[in-house]
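Encoded as structure tokens, the structure appears first; notes follow it.
Readers should treat all values here as calculations from the given coordinates under stated rules, not as data from a laboratory. Quick caveat: nothing in here was measured; it's all calculated off a predicted structure. Here the Cβ positions follow ideal geometry from the backbone for every residue, glycine too, while neighbour counts run over all protein chains shown.
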């Protein structure tokens, strides 16, 4: 699905958070990076339709405002930050809830087989009968993703999906994200703190700073020593490895913190 | 398209829950019968069953004992227990708080204050309407309390924290007003207030039972429409919104429903503590939080608990009906503590 954002502006009360944001994203993994309070989460909430910004968001050329709520739910799936829940539900039931808008009083065969499909796609069908609160952080995150892709959305929005995962699970999760993005031809937008993960797994990077787009393009073109110094206030060494992927080694903050001066 | 594996996985998950629902439902039938058998004049199982099934063909005295005295009380225990269990379950879900119960938000205190107001200032003014006045006042103040919380929630967005905090503020306000009335009242009035606050099923009549049952049935139907949405809410507010749930509206709808349910219960039988708090925890452990099962099971568990308490209240001190509100709290507290310590899996 083609995602175009034009002159998007949004503020909570009178505090502007996003200013004149324009984005073009297609069926690939797009990472939104930027320091804290840059507006990453707000941008995703606007794209998901939860927040109503000014400007326009076009999905396949049609404005988000013209979508009926059911159509929108079908088209866009949003995974909030820290979404792990301890609800007393089995994995199967939790994934089933991804079809909330089409669930009737009794569960249909279609509901059930789509749920199992989603679990199998992520290789977690073995967890089906386990309660959510017995799962590890990585497993919970997989359940959340299964819940989002059960509707077969054209756009998948994820806010910090690798938060609180260990290194191996972070890498595995992004492998899964890449695979489902390619297999389903999805436009995946991921808000991310970890620059190295963004550089390795994203096809396209959007750098957000103070609500404005600072840069947009391939990882190699966006992630530079200069950018990290001006936007993040960090001195870092960026080297390009033999796969052409930039690697970031942070050295120190550009501002001095500590005793004396 | 039928997927055999998916159907069998879900069949196993849902089958267990259905079985538990039926099990508890049949246990309630049993406790109701035992409840009717127990009392100053013990009846046999056969006498009770035959009098219930064919009221006309039996001994007149059996008829009076069963149909006039014991059955309304026994059924009131079921209906009130179900109402409190259901209200507690919805409350904990919409407030996302394991400590929430209809009484946490001050609804019971408000009702108590209303009743006390009628006792101290109203009694004797309208000599034939004593009972109506106390009950009516309790109901009006319980609703008033809910409207105050609702108003606060409307001013700020109805987040769960706002509702809980507003409820606690209201709770303290009515508690202190109630104390003030007890301070002002004479000893007889204070005793009447205290007795009312105990909670007692003996206030039950067929009319009250009818009103309560209709209210409960309507509430169940109204809230069960949103069962899936409530389940989704347990995944977190943002995720529920992402799945298209209008969280604020769902919360307010649930809240109004609980308010009416609790206000009616408290007005009819006084404060019966702990059922609304403990029952949802038991139901959650038994069937999880698919609200299509969780809500009915909470209602049934509440009914079973209060029905059992009703039997017990007649047996603690022979010849005396022990206040049921005291019983539920006394038994409820150790049970609740055991629940907390024995629980391996944390849901909150």
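Look at A:46, A:257, A:210, A:22 and count the other Cβ atoms within 10 Å of each Cβ; fewest to most, that gives A:257, A:22, A:210, A:46. Helix A:109-121 and the longest principal axis of the C-alpha atoms of chain A enclose an angle of approximately 40°. Per the Debye calculation on the protein assembly as shown with a single equal scatterer at every Cα and no solvent contribution, log₁₀ I(q)/I(0) for q = 0.06, 0.09 Å⁻¹ amounts to -0.42, -0.81. Multiplying the residue separation of residue A:243 and residue A:82 by 0.36 nm and removing their Cα-Cα distance gives an extension gain of 54.8 nm. Would you mind calculating the relative contact order of the stretch A:3-253 from Cα pairs under 8 angstrom and at least 6 residues apart, reporting the percent as a whole number? That works out to 26 percent. When only alpha carbons are used to place a centre, the stretch A:27-44 and the stretch A:83-132 end up 28 Å from one another.
Using only the Cα atoms of the stretch A:97-164, build the gyration tensor, take square roots of its eigenvalues as a ≥ b ≥ c, and label the shape rounded, prolate or oblate: rounded if a/c is under 1.5, else prolate if a/b is larger than b/c, else oblate. Let's see the in-between values first.
Values: a/c = 1.92, a/b = 1.31, b/c = 1.46.
Cα axes put the stretch A:97-164 in the oblate bin.
Using the beta-carbon distance between residue A:4 and residue B:225 and R0 = 30 Å, what value does 1/(1 + (r/R0)^6) give for FRET efficiency, to the nearest 0.05? Taking R0 as 30 Å, the efficiency between residue A:4 and residue B:225 is 0.20. Taking A:107, A:91, A:21 in turn, the Gaussian network model of chain A (Cα-Cα springs below 10 Å) assigns the largest fluctuation to A:107.
Cβ crowding within 10 Å ranks B:212, B:147, B:91, B:224 as B:147, B:224, B:212, B:91, fewest other Cβ atoms first. Between the helical axis of A:167-184 and the longest alpha-carbon principal axis of chain A there is an angle of about 60 degrees.
Calculate log10 I(q)/I(0) of the stretch B:145-272 for q = 0.10, 0.17 Å⁻¹, where I(q) comes from the Debye formula with a single equal point scatterer on each Cα and nothing for solvent. Calculated log10 I(q)/I(0) at the listed q: -0.45, -1.04.
Distance between the 7 Å Cα→Cβ label points at residue A:183 and residue A:22: 3.7 nm. When both the stretch B:252-305 and the stretch A:164-219 are represented by their alpha-carbon centers, they are found 45 Å apart.
Against the longest principal axis of chain A, how steep is helix A:137-149, in degrees 0 to 90 to the nearest 10, with axes from Cα atoms? Tilt of helix A:137-149: around 70 degrees. Relative to a virtual label point 7 Å from the Cα of residue A:230 in the Cα→beta-carbon direction, which members of the stretch A:1-40 show backbone nitrogen distances below 11 Å? Once the point is set 7 Å along Cα→Cβ of residue A:230, nothing inside the stretch A:1-40 turns out to lie under 11 Å by backbone N. Pick from A:229, A:13, A:151: which residue has the top mean-square fluctuation in a GNM of chain A where Cα pairs under 10 Å get a spring? In the Gaussian network model the winner is A:13.
As a test of the formula, what do you get for chain A when each DSSP H run with n ≥ 4 contributes -39,500 (n - 2.57) and the sum is divided by the residue count, at 222 nm and rounded to the nearest 500 deg cm²/dmol? Before the final figure, lay out the partial values.
Working: 8 runs with 77 residues, N = 261.
Estimated from H runs of four or more residues: -8500 deg cm²/dmol.
If you sort the three axes of the alpha carbon gyration tensor as a ≥ b ≥ c, you get a/c of 1.5 or more for the stretch A:3-253 and a/b no higher than b/c, which makes it oblate.
In this calculation the C-beta distance from residue B:246 to residue B:205 is compared with R0 = 41 Å, giving a FRET efficiency of 0.55. Mind telling me which of B:193, B:80, B:324 comes out most flexible in a GNM of chain B, alpha-carbon contacts under 10 Å? Evaluated over chain B, the most mobile residue of the options is B:193. Taking 0.36 nm per residue of sequence separation and removing the Cα-Cα distance, the residue B:195/residue B:320 pair yields an extension gain of 43.6 nm.
Among rounded, prolate and oblate, which fits the stretch B:12-342 when a ≥ b ≥ c are the square roots of the eigenvalues of its C-alpha gyration tensor, a/c under 1.5 means rounded, and a/b larger than b/c means prolate? Cα axes put the stretch B:12-342 in the oblate bin.
In chain B, the calculated helix contribution to ellipticity at 222 nm averages -25000 deg cm²/dmol per residue, counting -39,500 (n - 2.57) for every DSSP H run with n ≥ 4. Arranged from fewest to most other beta-carbon atoms within 10 Å of their beta carbon, B:44, A:113, A:77 become B:44, A:113, A:77.
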